[in-house]
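The values are calculated or read from the model by the stated rules, or taken from the named source; none is laboratory data. Just so you know, these numbers come straight off a predicted model, no measurement behind them. Note that we place each Cβ from the backbone using ideal geometry, even for glycine, and neighbour counts take in every protein chain shown.
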Amino acid sequence: MIKEALHTVKQHLPSHVLLVAVSKTKPISFLNEAYKAGQRIFGENKALELAQKQGALPKDIQWHYIGYLQTNKVKYIASFVSLIHSVDRFKILNKINSEAIKNHRIIRVLLQFHIAKEESKFGFSIDSVENMFKSNNFNILKNIEIVGVMGMATFTRDTLIVRNEFKNLKIIFDHLKNNYFKDSESFSEISMGMSGDYLTAIEEGSTIIRVGSSIFGSR
Ligand SMILES: *Cc1c(COP(=O)(O)O)cnc(C)c1O
């Protein structure tokens, strides 16, 4: 079933769009099944669960962290995580940088923006990011690489609202690209789109979709 579901999602994907299979709360056996069907990128939203699954599964998997991250949990994932989507404040960026130094590596991250109507969704505003970019404390961080932006749309059936929020994230991406990352080839990713809205997200410029329930079933 997982194999067929993966196939269905992939059928709709242009070749430039990366699929993160969101396996949070699902047992190792489910991830193994997706792995056997060819999936190599998995996303989790709890640091300890991610570390545990990484230890139990093949080493050629790329692990993405997609959830709210506490500073005291970064150490569990810093040695291997391939991309952290959910950087939403300077404090966590600073912590990721220091853990990256300890592990002699550079950790790739996305800046999460608040694009939804709901109060509860985390993320930067464009102003807060631009202020951060101006600060010395930010500019001394050398072991993080910002490769793009991430956002979550409002949980609604109204596709017009969702589409406009995705358009907004694309505008934020273009603004940052043009003003701060013009010469950076690596600043190229827009992580948006989940099970319910990934087709809309792709139409609006997504380069990474994060799909859980459509692959692994409801949680
Ligand atoms: C759970 C989760 C997803 C996947 O959601 P589905 O609706 O199951 O596809 C994507 N992104 C984030 C940040 C999540 O927490």
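So, in the range 2-33, exactly how many residues are closer than 25 Å to A56 by Cβ and either without any contact (Cβ under 8 Å) to a residue 12 or more places away in the chain or of a type in the set (S, T, N, Q) (or both)? It would help to see each step written out before you state the result.
First, pick out the residues of the range 2-33 that are closer than 25 Å to A56 by Cβ: 2-7, 9-10, 18-33.
Remaining after also requiring either without any contact (Cβ under 8 Å) to a residue 12 or more places away in the chain or of a type in the set (S, T, N, Q) (or both): 4, 10, 23, 25, 27, 29, 32.
Of the residues in the range 2-33, 7 are closer than 25 Å to A56 by Cβ and either without any contact (Cβ under 8 Å) to a residue 12 or more places away in the chain or of a type in the set (S, T, N, Q) (or both).
Given the residues L69, L48, which is the only one that is farther than 23 Å from D197 by Cα and exposed (fewer than 14 other Cβ atoms within 10 Å of the Cβ)?
Exactly one residue qualifies, and that residue is L48.
Within the range 147-198, can you find the residues that are within 16 Å of the ligand (Cβ to nearest atom), without any contact (Cβ under 8 Å) to a residue 40 or more places away in the chain and either within 17 Å of F133 (Cα to Cα) or touching a Cys at 6+ places or on another chain (Cβ under 7 Å) (or both)?
Once the filter is applied, which keeps residues that are within 16 Å of the ligand (Cβ to nearest atom), without any contact (Cβ under 8 Å) to a residue 40 or more places away in the chain and either within 17 Å of F133 (Cα to Cα) or touching a Cys at 6+ places or on another chain (Cβ under 7 Å) (or both), the range 147-198 yields nothing.
If you go through the range 44-57 one residue at a time, do you hit one that is farther than 28 Å from L93 by Cβ and not hydrophobic (A, V, I, L, M, F, W, C)?
no
For the range 44-88, give me each residue that is of a type in the set (K, R) and either free of Cβ contacts under 8 Å to residues at least 12 places away in the same chain or within 16 Å of the ligand (Cβ to nearest atom) (or both). Explain how you work it out, then say what you get.
First, pick out the residues of the range 44-88 that are of a type in the set (K, R): 46, 53, 59, 73, 75.
Selection gives K46, K53, K59, K73.
Consider A34 carefully, then state whether it is hydrophobic (A, V, I, L, M, F, W, C) and more than 30 Å from I161 (Cα to Cα). Lay out the reasoning, then the answer.
Working: hydrophobic (A, V, I, L, M, F, W, C): yes; more than 30 Å from I161 (Cα to Cα): yes.
Yes.
Restricting attention to the range 11-41, report how many residues are out of contact with any helix residue (DSSP H, G or I) (no Cβ under 8 Å at 6 or more places or on another chain) and either among the acidic types (D, E) or surrounded by 15 or more Cβ atoms within 10 Å (Cβ to Cβ) (or both).
Within the range 11-41, residues that are out of contact with any helix residue (DSSP H, G or I) (no Cβ under 8 Å at 6 or more places or on another chain) and either among the acidic types (D, E) or surrounded by 15 or more Cβ atoms within 10 Å (Cβ to Cβ) (or both) number 4.
Would you mention how many residues in the range 199-214 are among the β-branched types (V, I, T) and either in a helix (DSSP H, G or I) or within 8 Å of the ligand (Cβ to nearest atom) (or both)?
The initial filter retains those residues of the range 199-214 that are among the β-branched types (V, I, T), namely 200, 202, 207-209, 211.
Narrowing the set further to residues that are either in a helix (DSSP H, G or I) or within 8 Å of the ligand (Cβ to nearest atom) (or both) leaves 200, 202, 211.
So the count comes out to 3.
Here are F80, F90: which of them is among the aromatic types (F, W, Y) and either closer than 25 Å to N139 by Cβ or modelled with pLDDT under 95 (or both)?
Numbers: F80 fails: either closer than 25 Å to N139 by Cβ or modelled with pLDDT under 95 (or both).
It is F90.
Step by step: first the residues of the range 72-123, then only those that are of a type in the set (V, I, T) and part of a loop (DSSP other than H, G, I, E, B), then the one that is surrounded by the fewest Cβ atoms within 10 Å (Cβ to Cβ). Which residue is that?
I106
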